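Participant: One structure, pasted below without further comment.
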Amino acid sequence: MAVPGEDDEAVLESMKARKEAFVTGHGGSDHPWEILWVCSSALWGCWLYAELAAAGRGSGGQRTQGFLPEALVVWFPLVLSQTKHLYPYGSLWMAGEILLAACLSARRGGTIDRPRTGGDAEKSTTGDRRLFLTLYRSSIYYLTFVAILAVDFDLFPRRFCKTEVAGYGLMDLGAASFCISGGIVSGRGWNHDHRNGKGKGNGRWDSLKPLVRAAPLVAIGIVRTVANKELDYQEHASEYGVHWNFFFTLGVLAVVQPLRKRILLGLGGRGGFAAVAVAWAPVVAMLAYQHGLSARGWQSFVETAPRGPPLGGGGSTVERFFFANREGILGCIGYVFLHASGEWIGRCFVFVDDNRNEDKDERGGSTQKQKPSMGKLAIALWVLWWVLSGRGGTEPLGGGGNHEDDGYYYDYFYEPLPVSRRSTNLAFCVWALAHNVALLWAFGALETWLRTSGRRENNNAPVVVPPTWAAVNRHGMIAFLVANLLTGLVNLTVPTIDTGDGPALCLLVAYLAGIGAAVHLCDRCLGRPPRRDPLKRD
């Protein structure tokens, strides 16, 4: 006769094992184009929402703006595209949105009305011409929100899960996109500090600021790890490791990148080789890391090494921690590179007009320099990905990095690299950059079209941003925490694997509504503070 409680414990252990097996061992999509198509659902939804808002203003009403239209036009296709119903229903829904938005745009023609004051939606002003950045950043957040919960339902295609070794997984892009978008936003502060000579930091407090600001992220990471262990929550060890999580990675970025920036600003134009070395340090570190993965067997170590030092039981605490969390620790090299690349993109492609406006104010005239093309950058990155990955090949380089024959140099220079989220290697980073720059360019093109279509001589036409998206952009870290808490709550109370498609869809939409309610509450309580990225430091 079974002891009371033992059966319940066995059921919970069985469910945990099922959930862990459900999200591990996957190889991703065959090509990255499918993932780009899924992510474009945010683009088409925002386009249609803006066109419906313009049509509503033209008819004298605002019923096309608000929470419910946003849920139907933006949230639902975002969820549907991340399910096994992508073909045909999700794709048909997106095609319908494209067609309807195009028809509304053509019908609108030259009748572009000024926005009314008030209302829930966030509208552009003549002083803010980067609403495409709001749309891009919010799309990254929302795509991630959907994926982290949907992955636990049978509704979510297994090819979109995080890849176990190499390949193209939709969820692989979440952390990378977060780092890139954070870097892009911090590019604005970098340009501002560079012009005004700020950020050099002479006092002890200035040197400790990055550590103080990283402390909350590390604390959240510790709380999450302890909570997972205490609640016996399902784990995916090959994601970041046994104890590591993304909040620890954010903590590393919050220390490394501000210190690098402070050193560069301190060196100024007198740094010579030292300034160049610090500026290019993330690139050099990434190339050295890739050399280790390709030529020194590190790729094989990341994929196959045990979770403890070899020969069992030996090694110091540091060694045991490193073996147990190698993916998260080594992955910081790639994520620092991605954040630094995002900063460069922000400085040179997104906020480049800030420098020109400053020049205009100082000289009393206008500068007519050509703005760098983000479209060309996206093409260049896709070409680089094509070369590195061998036209989408995902086989490990040289059999996982073991080069013991005389053909090593041939393999090193010509064999394709695996696109490996697990090791965060060069091919993966270039793919993540290409994907994000393509999305950023697309949102920029959308904003330009919405501002200028029908009245080419007027580029000050209003652009309406879905209200919850604007709020998420302002309170990204809070929204991310709420999403993680709600995901844990659902997993602890709902047998997600056994939930049908209909209830799963309803749960996902309700979950997004909960996140939206939380960020709107933040707006009310905090008075809509100016957006500040968690990784942007002084």
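The values are calculated or read from the model by the stated rules, or taken from the named source; none is laboratory data. All values derive from a computational prediction rather than experimental measurement. Here the Cβ positions follow ideal geometry from the backbone for every residue, glycine too, while neighbour counts run over all protein chains shown.
Participant: Just wondering, is there one or more residues in region 474-485 that are touching a Cys at 6+ places or on another chain (Cβ under 7 Å), in the same structural domain as G45 (by the TED database), surrounded by 21 or more Cβ atoms within 10 Å (Cβ to Cβ) and at pLDDT 90 or above?
Facilitator: Here is the first cut: in region 474-485, the ones touching a Cys at 6+ places or on another chain (Cβ under 7 Å) are 475, 478.
Subset that is in the same structural domain as G45 (by the TED database): 475, 478.
So of that shortlist, the ones also surrounded by 21 or more Cβ atoms within 10 Å (Cβ to Cβ) come out as 475.
Still in the list and also at pLDDT 90 or above: 475.
The answer is yes; a qualifying residue exists.
Participant: Of L173, L99, which residue is assigned by the TED database to the domain that holds I497, modelled with pLDDT of 90 or more and not aromatic (F, W, Y)?
Facilitator: L99
Participant: Now for a separate question. Can you tell me which residue in region 147-172 is farthest from the chain's Cα centre (by Cα), limited to those that are farther than 21 Å from D498 by Cα and acidic (D, E)?
Facilitator: Top of the filtered list is E164.
Participant: Another question, if that's okay. Out of the residues in region 29-53 that are in contact with a helix residue (DSSP H, G or I) (Cβ under 6 Å, 6 or more places away or on another chain) and more than 16 Å from L143 (Cα to Cα), which is surrounded by the most Cβ atoms within 10 Å (Cβ to Cβ)?
Facilitator: Selected residue: A50.
Participant: Still on this structure: For region 210-226, which residues satisfy the criterion of being without any contact (Cβ under 8 Å) to a residue 40 or more places away in the chain, hydrophobic (A, V, I, L, M, F, W, C) and surrounded by fewer than 17 Cβ atoms within 10 Å (Cβ to Cβ)?
Facilitator: Passing the criteria: V212, A215, A219, I222, V223, V226.
Participant: Right, another one. State whether the residues of region 23-38 include one that is of a type in the set (F, W, Y), assigned to a helix (DSSP H, G or I), assigned by the TED database to the domain that holds D501 and at pLDDT 90 or above.
Facilitator: There is at least one residue in region 23-38 that is of a type in the set (F, W, Y), assigned to a helix (DSSP H, G or I), assigned by the TED database to the domain that holds D501 and at pLDDT 90 or above.
Participant: Hey, among V284, V252, which residue is of a type in the set (V, I, T), without any contact (Cβ under 8 Å) to a residue 60 or more places away in the chain, assigned to a helix (DSSP H, G or I) and in the same structural domain as P210 (by the TED database)?
Facilitator: V284 is the lone residue from the list that is of a type in the set (V, I, T), without any contact (Cβ under 8 Å) to a residue 60 or more places away in the chain, assigned to a helix (DSSP H, G or I) and in the same structural domain as P210 (by the TED database).
Participant: Return the total of residues in region 483-497 being part of a helix (DSSP H, G or I) and touching a residue at least 40 places away in the same chain (Cβ under 8 Å).
Facilitator: 10
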